[in-house]
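Engineer: Got a structure here, written out as structure tokens. Questions coming.
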Amino acid sequence: MTEVLTVEDLTARVDEELIVHRVNFLVSKEETLYIVGPNGAGKSTLLKAVVGYPGIIVEGRVIFMGEDVTGSPIDERARKGLILSHQFIPRIDGVTVGELIEMVARVSGSGVSTEEVAELLEIRHLLGREFGKGLSGGEMKRVEVAVTLAAGPKLALIDEPDSGVDVESALVIAEGIREMIRRSPVGSVVVVTHTGFISKYVPPTRVCIMMSGVLGPCSGPELLDKVLAEGFRIEVA
Ligand code: ADP
Ligand code: MG
């Protein structure tokens, strides 16, 4: 079996508004799928629906590693290895970055050491800080990628790893994403971005455009070059 994730006819809402319209896509083994699109296209809502945020999916199916997980809660999907790396990390009062990483590694049984991910994401000096409180854009993203690595993802869905980060942080974050790919038994990852900046360091194998809640067209890495040169509203042959 080469399919890692199959999303079928997925329609999703935020509150009462339909945001994602009948989206279909497939992630295969050893694939780095980029989903690119402008702000407000529904990218984050799509990822949340796929990992099982409650009350978002209206219709459609999510199949992960051959199993229909559409009805299963977010923590169960996470235990199976389907993990969202958030665009905006929540603030968790009273919990430090180090404690959160340790807790996530323990609960997921990933065996990942806090030391190791802190070293890789260059966040040693942040381990004692409260999670989500007063961290800069680049620090938050590095912490979020560290937490995602600690969860031992088979497939991580990484939401805007390159927004609001400087080039130094982007390089470190890219190293974190490449490490996720190396450690994943299926070697796949999904990256969502509206800038495409990170693609210099984590090259896509396939690219899909998302606009106004609709996914597609999808094509090879050259599609991203075209988008970066001409914008999202391009003609695709
Ligand atoms: P993207 O990640 O592509 O920028 P989002 O999925 O975050 O897009 O948002 C898609 C649309 O849903 C936007 O129009 C946004 O305003 C709306 N939206 C997202 N979250 C909420 C929310 N909590 N309440 C109301 N509307 C929301
Ligand atoms: Mg978003």
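The values are calculated or read from the model by the stated rules, or taken from the named source; none is laboratory data. What you are looking at is a predicted structure, and each value in this text was computed from that prediction instead of being measured. For neighbour counting, all protein chains shown are included, and Cβ atoms are generated from backbone atoms with ideal geometry for every residue, glycine included.
Engineer: Out of the range 31-47, which residues are under 18 Å from L224 (Cβ atoms) and either charged (D, E, K, R) or near ligand 1 (Cβ under 6 Å from one of its atoms) (or both)?
Structural biologist: Those that are under 18 Å from L224 (Cβ atoms) and either charged (D, E, K, R) or near ligand 1 (Cβ under 6 Å from one of its atoms) (or both): E31, G37, N39, A41, K43.
Engineer: Quick one: in the range 50-73, which of the residues that are within 16 Å of ligand 2 (Cβ to nearest atom) and touching a Lys or Arg at 6+ places or on another chain (Cβ under 9 Å) is farthest from R206 (Cα to Cα)?
Structural biologist: The extreme case among them is I56.
Engineer: Could you check L26 against (1) under 16 Å from the mean Cα position of the chain (by Cα); (2) within 16 Å of ligand 2 (Cβ to nearest atom); (3) without any contact (Cβ under 8 Å) to a residue 24 or more places away in the chain and say which number it fails?
Structural biologist: (2)
Engineer: How about the range 118-151: which of its residues are in a loop (DSSP other than H, G, I, E, B), touching a strand residue (DSSP E or B) at 6+ places or on another chain (Cβ under 7 Å) and either surrounded by fewer than 22 Cβ atoms within 10 Å (Cβ to Cβ) or modelled with pLDDT under 95 (or both)? Can you show your working first?
Structural biologist: We begin by selecting, within the range 118-151, every residue in a loop (DSSP other than H, G, I, E, B); these are 121-123, 127-129, 131-136, 151.
Of the ones still in play, those that are also touching a strand residue (DSSP E or B) at 6+ places or on another chain (Cβ under 7 Å) are 127-129, 131, 151.
L127, G128, R129, F131 - these are the residues of the range 118-151 that are in a loop (DSSP other than H, G, I, E, B), touching a strand residue (DSSP E or B) at 6+ places or on another chain (Cβ under 7 Å) and either surrounded by fewer than 22 Cβ atoms within 10 Å (Cβ to Cβ) or modelled with pLDDT under 95 (or both).
Engineer: Can you find, within the range 29-49, the residue that is farthest from ligand 2 (Cβ to nearest atom) among those that are among the polar types (S, T, N, Q) and crowded, with 17+ Cβ neighbours inside 10 Å? Spell out how you get there, then give the answer.
Structural biologist: Residues of the range 29-49 that are among the polar types (S, T, N, Q), as a first pass: 32, 39, 44-45.
Subsequent filtering for residues that are crowded, with 17+ Cβ neighbours inside 10 Å retains 32, 44-45.
On the way: T32: 19, S44: 3, T45: 8 Å.
For the range 29-49, the residue satisfying everything is T32.
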